[in-house]
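Step one of this worksheet: look at the structure below.
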Amino acid sequence: MGVAHVQLSAFDEAIADFQAAMVIDPSDAQIHYDLGLAYKFKDRVNDAIAELTRAGELDPTLQDPPYTLGILYMQIGKLDLAAVELKKAVALRPDNGDAWAILGSTLKQDSRSTRPGMRWKGRSTLAWSARSARHIGGCAGRPGQHSRHSCRCQ
């Protein structure tokens with residue numbers, strides 16, 4: 001019922017359902033995740049962080065807790081913690097383009113706001129990073145793999 005309540009935006013009912021479910025099985029990571037998500041929707045940030053963190057501790061293979069935590073940390077301005085969680089998210093699911101994009105945005109904002117000696121170099125740095133990522137993940141230095149991009153491994 002809790003998931004249905006979340007989908008209906010009945011977050012108080014969802015929270016009650018997930019809390020009741022946790023009494024039955026407190027070690028279920030998915031219940032902690034769902035409860036954390038309901039807390040997030042109710043703007044109960046500290047409770048959401050606690051439940052999402054617990055979900056990740058109980059099952060480190062779950063992909064959603066670090067992704068959701070990363071977004072939540074980014075929304076409240078804790079960019080360093082957001083980057084840590086989003087790096088976990090992309091490690092668990094490398095094909096998650098949204099996680100990569102948000103991680104890039106987080107790192108960009110973090111370099112502007114918290115590292116006084118560093119500056120964002122704009123498009124050229126981003127383009128270089130994308131080329132590097134394709135090089136590392138795509139051609140791996142093998143001849144004949146350069147048709148989609150240019151790299152310097154030839």
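Every read-out reported here was derived from the displayed coordinates using simple, explicitly stated rules and does not represent laboratory data. Worth saying up front: this structure is predicted, and the values here are computed from it rather than measured. As a convention, Cβ positions derive from the backbone with ideal geometry for all residues, glycine included, and neighbour counts pool all protein chains shown.
Note on segment 1-103: with charges restricted to the Cβ of Lys and Arg (+1) and Asp and Glu (-1), its dipole about the Cα centre is near 340 debye. The calculated FRET efficiency for residue 101 paired with residue 57, based on their beta-carbon distance and R0 = 25 Å, is about 0.45. Sorted largest first, the spans of the alpha carbon positions of segment 1-69 along the three principal axes are 28, 25, 18 Å.
Normalised radius of gyration (Cα atoms, divided by 2.2 N^0.38 Å) for segment 2-41: 1.01.
Length gained on full extension, residue 23 to residue 10: 2.6 nm, using 0.36 nm per residue less the C-alpha separation. Note on segment 2-121: the C-alpha convex hull projects to 7.8 nm² when averaged across all orientations.
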